[in-house]
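See below for the structure under consideration.
What follows is calculated from the coordinates using simple rules that are stated; it is not laboratory data. In this text, all values refer to a predicted model and were calculated from it rather than measured experimentally. Please note: Cβ atoms are built from the backbone with ideal geometry, for glycine as well, and neighbour counts cover all protein chains shown.
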Amino acid sequence: AQSVTQPDIHITVSEGASLELRCNYSYGATPYLFWYVQSPGQGLQLLLKYFSGDTLVQGIKGFEAEFKRSQSSFNLRKPSVHWSDAAEYFCAVGPILTGGGNKLTFGTGTQLKVEL
Amino acid sequence: NAGVTQTPKFQVLKTGQSMTLQCAQDMNHEYMSWYRQDPGMGLRLIHYSVGAGITDQGEVPNGYNVSRSTTEDFPLRLLSAAPSQTSVYFCASTRQGSGNTIYFGEGSWLTVV
């Protein structure tokens, strides 16, 4: 069975500092990987996705993530955090053969707080 | 192009009542799914469909029914609402195949009292 672990429930960073959110997955084949962001009371916004090719993926809002097959990880990074980045972040994995769109498994989320 | 439309956005139900959460997409997507989101648990898959007439259970299907009579619509039915079904529900759709964008609806906030 596929699973996603986001070990950090809460993270606090200062504005302008760098950010790394951790994501580890368990999956029997090459996964289709996602990072989503959710502001309070809002829906999900896709930050980036990986299914093949370059293992360093660029996303929106200055975010990037690196797929490391040997570590089963897909960590999200941003060089300089802005106060508007405060939100909850979700990592998700799905079956690559079907595009993953019908059977995503989500992590439990990391709540990011940004101190001014 | 409306994308994925969920209705209602907010609903309060009494225990034992039934209701249907509607989900419609206008992108001719084969795949549609329903998720529920609970604090500290992320999103969990309830039911999914790979095309009209084909549905299957996800991780937490108990208490919910679905049907897919058309490509566009994928309603989620709560047969007898329970307080444990208080949650935020998201519908998603995507085209079959790798690398395609997954579109989520804006969510439906359901409270069962």
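Computed 3J(HN,Hα) for the stretch A:39-46, one whole-Hz value per residue from the Karplus formula 6.51 cos²θ - 1.76 cosθ + 1.60 where θ = phi - 60°, is 8, x, x, 10, x, 8, 10, 6, glycine and proline marked x.
Peptide B:28-37 has a mean of 3 when you count, residue by residue, the C-beta atoms of other protein chains within 10 Å of its C-beta.
For a modelled paramagnetic label at B:Gln96, 7 Å from Cα along Cα-to-Cβ, the residues of the stretch B:22-57 in reach, with backbone nitrogen under 14 Å, are B:28-32, B:49-55. Spin-label model, A:Thr30/A:His82: points 7 Å from Cα along the beta carbon direction are separated by 3.4 nm. The Cα trace of the protein assembly as shown gives Rg and Dmax of 17.5, 52 Å, the first to one decimal, the second as a whole number.
Hey, how much of the P(r) for chain A falls beyond 22 Å, as a percent of Cα pairs?
Values: 1805 of 6670 pairs.
Counting pairs separated by more than 22 Å, the tail of P(r) holds 27 percent.
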